[in-house]
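Structure first, commentary second.
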Amino acid sequence: MKLLCLFCLITSYYANKMYTTICAVPVDAPAEVSDTIFARFVKDFQASPDALFEWALYGTGAQDDQEKNAFLLEYKETVYHPEDNYGRIKADVIIPGLTRIKDIVLEGKVLDEHKPIVYNHGLCVDTLNMSNIPNWNRHFDIDVRYSGKLLEHGFGNLFIIPVDSTRSVFLMDMNLKYGWFFNIFITMRVYKNSVEWRVNRYMNNLKKVAEELYAKEQNF
């Protein structure tokens, strides 16, 4: 049987004025456990969105290497609007040494789908792509419905993919088309340091919490 690849896959590219990042993270926890992490994400997103910065979004504001901080995010407020099922994040965007753009607002809507668990035995992370997604059991469809100056459009998908009774994979794509002002400053290098790095940090935050929960369950 082909073994699950052990390394995270992350890649970014630019096409049709849009930046895209694809990230796949192997998780040493079954889909049932991974699903509880996604359920926790939805619960916090709806009931206590600020709590997301304590785990799922922990450490995504700035990198330790200051030279890579093309953009800094200073989070100020996170609110969920249940009547329309969307969340709003307010933040200052800081371009070091140049300017601070205050109160940038991102509004995002999340669609949550479930399917029965079907294993993908022998799945290899480095073969994954968004055009041929294996059997998944949970899917988030994320749409940025408003962003003011920051984005012209943004959307993404996040999947839990079962591998076997002890392992799963998180697969995500993020697609961003910047507004004219921010597009002046964006290059692929800047994008990788400001967005790709945050996607990678977020995905590995989810992985860490899922694996810790599974290890705790195994010790009981």
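Values quoted throughout were computed directly from the atomic coordinates according to the rules given, and no laboratory measurement underlies them. Treat the numbers as computed from the prediction; the structure is a model and nothing was measured. Counting neighbours? That spans all protein chains shown, and the Cβs are built from the backbone with ideal geometry, glycine included.
Observations, loosely collected:
- Separation between Cα centres of segment 154-184 and segment 18-46, rounded to whole Å: 10 Å
- Each stretch of four or more DSSP H residues adds -39500 (n - 2.57); spread over every residue of the chain, this sum gives -6500 deg cm²/dmol at 222 nm.
- Taking the chain and dividing mean pair separation by its residue count, relative contact order in percent (alpha carbons under 8 Å, at least six apart): 28 percent
- Among the listed pairs Lys43/Lys109; Lys109/Lys208; Lys43/Lys102; Lys17/Lys149; Lys115/Lys207; Lys90/Lys208, those beyond 23 Å (Cα-Cα): Lys109/Lys208; Lys43/Lys102; Lys90/Lys208
- The simple Förster model, with R0 at 45 Å and r as the Cβ-Cβ distance, assigns Val42 and Leu98 a FRET efficiency of 0.75.
- Solvent-free Debye scattering, log10 I(q)/I(0), computed from the Cα coordinates of segment 21-130 at q = 0.12, 0.20 Å⁻¹: -0.61, -1.21
- Mean projection area, nm², convex hull over Cα of the chain: 12.8 nm²
- Candidates Ser168, Ser48, Ser131, ranked by Gaussian network fluctuation over the chain, Cα under 10 Å, top entry: Ser131
- Nearest 10 degrees, 0 to 90: helix 197-218 Cα axis against the chain principal axis: 30 degrees
- The longest stretch of the chain left intact once loop-based trypsin sites (Lys or Arg not before Pro) with at most 12 other Cβ atoms within 10 Å are removed from consideration, loops following DSSP, is 18-220.
- Each residue, Lys177 and Ala15, gets one label point 7 Å from its Cα in the Cβ direction; the gap between the two is 1.5 nm.
- GNM flexibility winner over the chain from Leu176, Leu98, Leu111 (Cα, springs under 10 Å): Leu98
- Residue-span extension gain [Arg88 to Asn135] - 0.36 nm each, minus C-alpha spacing: 13.8 nm
- A simple spin-label model places the labels of Arg145 and Cys124 4.2 nm from each other, with each point 7 Å out along Cα-to-Cβ.
- Most mobile of Pro134, Pro30, Pro82 in a GNM of the chain (Cα contacts under 10 Å): Pro82
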